[in-house]
Amino acid sequence: MTSTLRRAGGFAAVGTLSLAAPELGQAAAAPFAVVAILAAFVVDEGPLFDLFARPQDRRDGRLNGLAGFSLAATGLALLATVPRQAMPLSIYVATVFILSYGNLGARLVEERSSDPFRSAAGFAGGAFLAALGGQAAVVSMTEAAGLASVAAALPTLAFVASSGALVAALLRSMLYERDDPLVLLTTGLLLWLFVSLTDGVAAVEISIALAVTALLGSLSYALGTASVPGMLTGVLLGLLTIVFGGFGWFAVLIAFFAIGGLSSKFRYEQKRERGVAEDNEGARGSGNVLGNAAVALVAVVGYAAGSHLPVDPLLFRFAFTGSLAAAMSDTLSSEIGVLFDRPRLVTTFERVAPGTDGGVTWQGYLAGVVGAVVVGVVAVSLFSFESPLLAAAAIVVGGVTGMTVDSVLGATLEGGWVGNQAVNFAGTLAGALVSVVLAVVL
């Protein structure tokens, strides 16, 4: 057994201290506070130090990694026990288990394979199983009905475990892998938000959601349309969209991911020869996925929180579909347009080289319009609108407007002022807003 795997096992053992929370009550933070003090100021040599020390810890002469992890767990324990509107104890335990046992799962896989996909799968799998078990233990300890309460809450526990595992795996892939305190706190707060937005999850719903999103995520990685972070982001977005919105919302989302992802692979060698191909063999990363789908995620979360907001929930549906229509339009416009010569800058109409930010061709623009129409048709086929034709028009116009805004920003700001992901976000936001405004007016 390597020192890395032993260290992961040690962190998992420390994380198990969170199971004492139901018995300790407001003193739930005490065990982790004690560990943090010992790690930072007392243990500087011996077997415990050798077990938990990372290379930087050995240079500093103290267990900074263990201290940071324990302090973050202490903070979550306080959130779960001190405020009146406290974080549920099950969320607290799930979060600690996700990070500590997820790391152990990743290390077990890495003992046999260096494939990043398998490592991410090991983290997510270990985190999911541990979080599910940890929550079940808390529910059985705190509910009078015991195992019957666990069975009744199992779909929600599975949702928390799966979404938390994906959030933590994604954060680890985007941040420095050892930023455990930041990952722990962020995951806990997001899970608290997710649970507050759900009135309960059906067993069939979460089962299908997990199966479908995992399958499509694996397929996107296997086909090379998404990197590991991009795949994790897409799976998380898909899971949240199904739980907060429904399968109709998910179908619109997956239409964008499928068509957009395949368009990046369309005539990829020709694009590479022209010097306009996407990096990483066309595989979309987390930044690209979030740049195109962040507005859609906010819209579906807003829809789930509709009872707490003074806004017609139907408008969030237009924001969701309008943003994805803009993302689809921009993606197809870019991926098809770069295959044609003699593009013109959208702001001045002067000739520019293919691949220039803000450069458009009529063929690419037409492809973008078709992309918006596809999203509009899918949306009105799956959602119930008072006037399907006007709803489709609002979505298509929003999508085309968002594509145009993206091109204008690409010609004026991208590169010097902002990056591609920010421009994509602005374009999808414009698409969402235009669709909402047209929905209200029409």
Here are a few candidate values for Rg and Dmax of the Cα atoms in Å: (1) 22.6, 66; (2) 22.5, 71; (3) 23.9, 73. Which one was actually calculated from the structure I just gave you? (3)
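So if I place +1 on the C-beta of Lys and Arg and -1 on the C-beta of Asp and Glu, and nothing else carries charge, what would the dipole magnitude of region 90-197 be about its Cα centre? I want it in debye, nearest 20. If you can, show how the numbers build up before the last one.
Working: 5 positive and 7 negative charges, 16 e Å.
Dipole size: approximately 80 debye.
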Amide H neighbours of Val360 at under 5 Å, excluding residues fewer than 5 places away on the same chain, with H built from the backbone geometry, are Arg344, Leu345, Val346
Using the 10 angstrom Cβ neighbour count as an exposure proxy, how do Ser263, Ser381 rank, fewest first? Ser381, Ser263
³J(HN,Hα) computed for each position of region 89-98 - Karplus, 6.51 cos²θ - 1.76 cosθ + 1.60, integer Hz, glycine/proline x: 4, 5, 5, 4, 5, 4, 5, 5, 5, 4
What 222 nm value per residue comes from the helices of the chain, counting each DSSP H run with n ≥ 4 as -39,500 (n - 2.57) and dividing by all residues, nearest 500 deg cm²/dmol? -24500 deg cm²/dmol
Tabulate in residue order the Karplus-calculated ³J(HN,Hα) for region 102-110, using 6.51 cos²θ - 1.76 cosθ + 1.60 with θ = phi - 60°, rounded to whole Hz; enter x for Gly and Pro. x, 4, 5, x, 5, 5, 4, 5, 5
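If packing is taken as the average number of other Cβ atoms within 10 Å across a peptide's residues, how do 16-25, 342-351 rank, most packed first? Kindly include the intermediate steps, with their values, before the conclusion.
Numbers: 16-25: 17.2, 342-351: 13.9.
Ranked from most to least packed, the peptides come out as 16-25, 342-351.
Quick note: the coordinates plus some simple rules give every number you see, no bench work behind them. Computed from a predicted model, the values in this text were never measured in an experiment. Methodologically, a virtual Cβ is constructed for each residue, glycine included, from the backbone with ideal geometry; neighbour enumeration extends over all protein chains shown.
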